[in-house]
Amino acid sequence: MAEVSAQSGGAPIRRGPYISMITNRTMNLLIRAAMLFMVGVFLALVLNLLQVQRNVTLFPPDVITSIFSSAWWVPPCCGTAAALIGLLYPCMDRRLGEPHKLKREWSNVMRCVAVFVGINHASAKVDFANNVQLSLTLAALSVGLWWTFDRSRSGFGLGVIIAILATLATQLLVYNGVFQYTSPDFLYIRSWLPCIFFAGVITVGNIGRQLALYEYKVSQEKTHQD
């Protein structure tokens, strides 16, 4: 049955159920993107604070214009990346026909976030004998995070690809003097950085999947009520 959406010149303008469904999906997508953006901004501020306290990253004084000793562009960039990654993961699950079914609950997502923050904290606080030992340890922890909270082939593949692209982007920024790492050991950057990116992608992907699942459950409940 058609749905009345507005009045124009005394005659109702009717909108079909298909258009209404598309509008609702678009609104839900924007809401999820906004939530993921805020998550990305929050994680960027917290994790950057850990790195700056250990003097792992150094921003030139003229670009330190934001709280937590972070350049102003870092939180928005991380928020945008989180929104894109969080929307991409459930989309890829549907496209590949590989739904993510491992421990689909918010408590598990929060544990994943806690482990990710712990991995980042270890990279900034724990003293290792050398960078090779640090990189191997973080690589094992990152893969362990994927195995514990994801275990999907699409999740692993996207994590690796995005981690490589993010590392290359960071390399370009450091090469152009936007910021720098103390004691870089791999082409201007720290060798363990891809491990941090990989763990972050898996974490944000799980948040995006859980938001998509919650949206699906709510829509199903509304359908049953109607």
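The values are calculated or read from the model by the stated rules, or taken from the named source; none is laboratory data. Please read these numbers as outputs of a predicted model, since none were measured by experiment. Reconstructed Cβ throughout: ideal geometry from the backbone, glycine too, with neighbour counts over all protein chains shown. Quick note on the areas: whole protein, heavy atoms, side chains included, nothing else; ligands and nucleic acids left out. Shrake-Rupley method; radii C 1.70, N 1.55, O 1.52, S 1.80 Å.
Things to note:
- Screening residue 102 with (1) more than 19 Å from the chain's Cα centre (by Cα); (2) modelled with pLDDT under 75; (3) closer than 17 Å to residue 201 by Cβ gives one miss only, at (1).
- Within the range 116-130, restricting attention to residues that are in a helix (DSSP H, G or I) and open to solvent by 60 Å² or more (accessible area, probe 1.4 Å), the residue that is farthest from residue 201 (Cα to Cα) is 125.
- Within the range 120-133, tally of residues that are over 14 Å from residue 49 (Cα atoms) and either among the polar types (S, T, N, Q) or under 23 Å from the mean Cα position of the chain (by Cα) (or both): 3
- Looking across the range 157-169, the residues that are in contact (Cβ under 8 Å) with a residue 24 or more places away in the chain and under 21 Å from residue 104 (Cβ atoms) come down to 158, 159.
- All of (1) open to solvent by 60 Å² or more (accessible area, probe 1.4 Å); (2) part of a helix (DSSP H, G or I); (3) not acidic (Asp, Glu) hold for residue 72 with one exception: (2).
So that you can scan it fast, the table gives a plain yes or no per residue for (1) among the hydrophobic types (A, V, I, L, M, F, W, C); (2) under 25 Å from residue 94 (Cα atoms):
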| position | (1), (2) |
| --- | --- |
| 123 | no, no |
| 129 | yes, no |
| 141 | yes, no |
| 152 | no, yes |
| 161 | yes, yes |
| 168 | yes, no |
